[in-house]
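The values are calculated or read from the model by the stated rules, or taken from the named source; none is laboratory data. The shown structure was predicted, so the numbers you read here are calculated from the model rather than taken from an experiment. Glycine gets a Cβ as well: all are built from the backbone with ideal geometry, and neighbour counts include every protein chain shown. These area figures cover heavy atoms from the full protein model, side chains too; ligands, DNA and RNA do not enter into them. Shrake-Rupley method; radii C 1.70, N 1.55, O 1.52, S 1.80 Å.
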Amino acid sequence: MPKRVSEQQQSRAFGLLGLLDGLSLASWLTSRLPAVILTPFGKSLAMSLFAADNARPLLSQRSSMRLLHKLAFLLIATVATSTASRSLFSAETATAGRPPNILLIMADDLGYSDLGCYGAEIETPNLDGLAKGGLRFTQFYNTARCWPTRSALLTGHYAQAIRRDAIPGVRSGGQGTRPAWASLLPTMLRQKNYRNYHSGKWHIDGKPLQNGFDHSYDLGGVSQSNFFKVQSVTEDEKPVPPQENFYSTTAIADHAVRCLQEHGEQFADRPFFHYLCFTAPHFPLHALPEDIAKYRDKYKAGWNVVQQARYERMKAMQIVNCELAPMEREVGPPYAFPEALAKLGPGEVNRPLPWSELTPEQQAFQAEKMAIHAAMVDRMDREIGKVLAQIKAMKQFENTLVLFLSDNGASAEMMVRGDGHDPTAPLGSAATFPCLGPGWSSSSNTPFRRHKTWVHEGGISTPLIAHWPQGIQSSGELRQQAGHVVDIVPTLLEVAGAKAPAPANNEAVPAMAGKSLVPAWAKGATPAPVELWWLHEGNRALRSGDWKLVAAKDQPWELYDLSKDRGELNNLAAQQPDKVKELESHWQQRFEEYRALALKNATAEDLRNTPKKKGKKQ
């Protein structure tokens, strides 16, 4: 039996009618009502009621009132005959005519080949499913480090320009403070009525709630040094109380689910932006025992065998077309902590030596480390699946844009922080502090050279998965379009229909460095040439089209043709000095431009440049 229409439903129906003045009735019915509330009965009724008024603009007061009365009757009758008896703005219908929801997922220290859909043996069915139903970018880049990437990701500007990576003459880098004009994405999305949520790692200056987020679950320093400790975690900037069986990857996803549940219950008529930032698989390598057990025997063949197998799968997937870069046996961690190596014991090794040269004790220790790394990635994927399931339960999956990427390449770092390392405790437990190291990092970054902090391809290349059923028509396809994390904000502003920040204090806001990736989503899209720029701890690079100029700190420029040599094996600098000179000029021009922005309106405090020292390079 049809349900009786409540006074509240009638009020909503008549309130909706007030929005129609000045619109074409036929256009509104065609584009809105069928997707929103019309039952089969309502459609039939509409045909009979409005046959005479079809396509007639609402011009005169008399015709306007007559049509509005008819439409009011139609709306109320439709609601009355709805067997579901839903609200006009239910979770099912809220997407009609509004921007997409956005789920931006960032992994921490994930290598280019660490996902199943990018060639890994690690099980990542949820991310693989997004790739199957969406796009995988094969030439997408980050900044080579955590905090510069996150700042660029949420502002659309290179980190140096906004003082979030080191630039001479101004306080910058991890301790730098963004200029007032460098606002974060959530504040821009508010103009389109988005609710904004943050779950996980932050590592940006300022607090999430002060930068446009409505809820935040922030992992502070202690919890970043131990996946099993809740100390220093805050929710909406209040300390999270102690809890049993805490594991940060799960806790981050649980918070995301809570935010989405609240959104579905209280804000179903508004789009959401959720910034989901896992700390996995960053060091220390900590994982749940049952997850480690799944991979314990997987890596006993060693990193050379694993790397080659990944490379073959990547070639078969057509993700890469370059030669496999051999492991650089003399390149170790970017910082020297010899005392840490001693604490980690005789099984540790700080160079990517051929597996056959390792002792049996070293082989066992290294294989166990990679099993933990794989377990962390596997668990992250399962927790992502939990978040996706919540979005599906809200009936919002079809109109949710999901982006997944990593903040830098896999890390060769080796250190001991937090509570130290107990060599007698099970590896991967809270009492231990293993790091991936250069051997497995080289494997994770297959087929590229170097690691996190370097700006060779291994340090800056990231997977990028884009999935949006209602907005991206292609599925299971690759995109060779080169892009950078500075492109994410322009992309999301375009899909949301939002604008870049307006001038502040009568001062123009600098144009964003990034460009929208939306054109690359089109079927048969042709890659457009781009120029991308890097600088981190003296490592520097410029990509212009398929040419890449790159140098490690204090080393001469190297030149590569990335159209056939993303492995960076054939240095053409000596053969093409004019091209080196041309690209170096472009790099320097960008450097001066970003330095000028960083110095603009700098305070006296900002001009006190106090860079933070780290361990010596190895």
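Rundown of residues vs (1) assigned to a strand (DSSP E or B); (2) more than 21 Å from C146 (Cα to Cα); (3) open to solvent by 10 Å² or more (accessible area, probe 1.4 Å), yes/no style:
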| residue | (1), (2), (3) |
| --- | --- |
| L209 | no, no, yes |
| F213 | no, no, no |
| D218 | yes, no, yes |
| V222 | no, no, yes |
| F227 | no, no, no |
| T234 | yes, no, yes |
| P241 | no, yes, yes |
| E244 | no, yes, yes |
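A482 fulfils the conditions (1) open to solvent by 30 Å² or more (accessible area, probe 1.4 Å); (2) in contact (Cβ under 8 Å) with a residue 60 or more places away in the chain except for a single criterion, (1). Is it the case that some residue within the range 488-497 is at pLDDT 95 or above, surrounded by 14 or more Cβ atoms within 10 Å (Cβ to Cβ) and in a loop (DSSP other than H, G, I, E, B)? No: zero hits.
Quick one: in the range 132-144, of everything that is open to solvent by less than 10 Å² (accessible area, probe 1.4 Å) and in a loop (DSSP other than H, G, I, E, B), which residue is nearest to W454 (Cα to Cα)? Outline the logic, then answer.
Kept after step one, since they are open to solvent by less than 10 Å² (accessible area, probe 1.4 Å), are these residues of the range 132-144: 134-135, 137-138, 140-142, 144.
If we keep only those that are in a loop (DSSP other than H, G, I, E, B) too, we end up with 134, 142, 144.
On the way: G134: 30, N142: 11, A144: 6 Å.
Among those that are open to solvent by less than 10 Å² (accessible area, probe 1.4 Å) and in a loop (DSSP other than H, G, I, E, B), it is A144.
Here is the figure for the range 354-389: residues that are open to solvent by less than 40 Å² (accessible area, probe 1.4 Å) and touching a Lys or Arg at 6+ places or on another chain (Cβ under 9 Å) total 7. Selection over the range 513-529 of residues that are open to solvent by 40 Å² or more (accessible area, probe 1.4 Å) and not basic (K, R) gives a count of 7.
If you take the residues of the range 174-190 that are out of contact with any Lys or Arg (no Cβ under 8 Å at 6 or more places or on another chain) and open to solvent by less than 10 Å² (accessible area, probe 1.4 Å), which of them is nearest to D214 (Cα to Cα)?
The first filter runs over the range 174-190 and keeps only residues out of contact with any Lys or Arg (no Cβ under 8 Å at 6 or more places or on another chain), leaving 180-187, 189-190.
This time we only want the ones that are open to solvent by less than 10 Å² (accessible area, probe 1.4 Å), so: 182, 184-186, 189.
Details: A182: 19, L184: 13, L185: 13, P186: 9, L189: 12 Å.
Among them, the one singled out is P186.
Checking each residue in the range 146-172 for being surrounded by fewer than 23 Cβ atoms within 10 Å (Cβ to Cβ) and touching a Ser or Thr at 6+ places or on another chain (Cβ under 8 Å) picks out only R171. Taking residues in the range 573-586 that are within 18 Å of W534 (Cβ to Cβ), and partners anywhere that are loosely packed, with under 15 Cβ neighbours inside 10 Å and not acidic (D, E), the pairs with Cβ atoms closer than 8 Å and at least 6 places apart or on different chains are A573/P556.
Looking at A336, A316, A309 in this structure, which one is modelled with pLDDT under 95, surrounded by fewer than 20 Cβ atoms within 10 Å (Cβ to Cβ) and among the small types (G, A, S)? Break it down into steps so the answer makes sense when it comes.
Values: A316 fails: modelled with pLDDT under 95; A309 fails: modelled with pLDDT under 95.
Testing whether each residue is modelled with pLDDT under 95, surrounded by fewer than 20 Cβ atoms within 10 Å (Cβ to Cβ) and among the small types (G, A, S) leaves just A336.
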